[in-house]
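Working notes, structure below.
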Ligand code: HEC
């Protein structure tokens with residue numbers, strides 16, 4: 001864990017360094033991707049804890065568990081595939097599991113494990129895996145439960161927990 005954290009720290013340092021240079025020289029093209037939003041970071045953390053062992057660290061469907069899965073998870077880095085999925089599709093698959101949305105029952109339902117806004121965080125993270133893919137429209141009316149009114153203390157505050165663990 002530590003070397004990873006150290007590496008991240010170094011990346012952060014160079015990132016900041018890069019920014020400094022940029023402001024001095026004016027219109028230089030942005031070489032680094034903008035940092036992910038807090039929501040995406042929360043989703044990434046949940047994904048790593050709950051999903052990566054099947055769906056793969058990179059979301060390409062090649063998790064450690066796949067030799068034991070007769071039906072393989074799909075490749076979420078594949079823009080052509082993700083384009084066909086609306087946020088609602090992803091949300092419902094995660095909440096209801098494969099059985100609930102006529103996919104493989106090996107995909108577990110998470111509506112008893114995760115809160116709605118956590119599932120939404122996961123959807124936001126999944127969307128970053130194939131960033132080039134415009135998403136399919138959700139069927140209206142469908143509104144995602146966003147974060148609960150008062151922000152959660154403790155594990156949800158990024159500053160107190162640090163990233164990644
Ligand atoms: C035990 C292994 C396993 C775990 C853990 C798991 N999944 Fe899946 N998941 C699958 C499989 C297998 C499928 C493919 C079902 C199919 O195509 O029939 C799937 C399908 C899905 C789908 C449906 C969309 C699609 O077309 O592929 C989504 C979204 C998804 N998983 C997200 C998640 C997220 C997010 C988590 C963690 C909270 C998670 N999964 C955890 C095995 C798993």
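Every read-out reported here was derived from the displayed coordinates using simple, explicitly stated rules and does not represent laboratory data. Computed from a prediction, not measured in an experiment: that's the story for all the values here. With ideal geometry, Cβ positions are generated from the backbone for all residues, glycine too; neighbour counts draw on all protein chains shown.
Would you work out the relative contact order for segment 43-89, in percent, from Cα pairs under 8 angstrom that are 6 or more residues apart?
The value is 25 percent.
Can you sort 123, 40, 32, 101 by how many other beta carbons sit within 10 Å, fewest first?
With the fewest neighbours first, 123, 40, 32, 101 line up as 32, 101, 40, 123.
So for 118, 38, fewest C-beta neighbours within 10 Å to most, what's the order?
38, 118
Using a 10 Å cut-off around each Cβ, can you sort 87, 111 from fewest to most neighbouring Cβ atoms?
Going from least to most buried by this count: 111, 87.
Would you mind classifying segment 39-148 by shape? Square roots of the alpha carbon gyration tensor eigenvalues, ordered a ≥ b ≥ c; an a/c under 1.5 is rounded, otherwise it is prolate if a/b is larger than b/c and oblate if not.
Judged from the Cα gyration tensor, segment 39-148 comes out rounded (a/c under 1.5).
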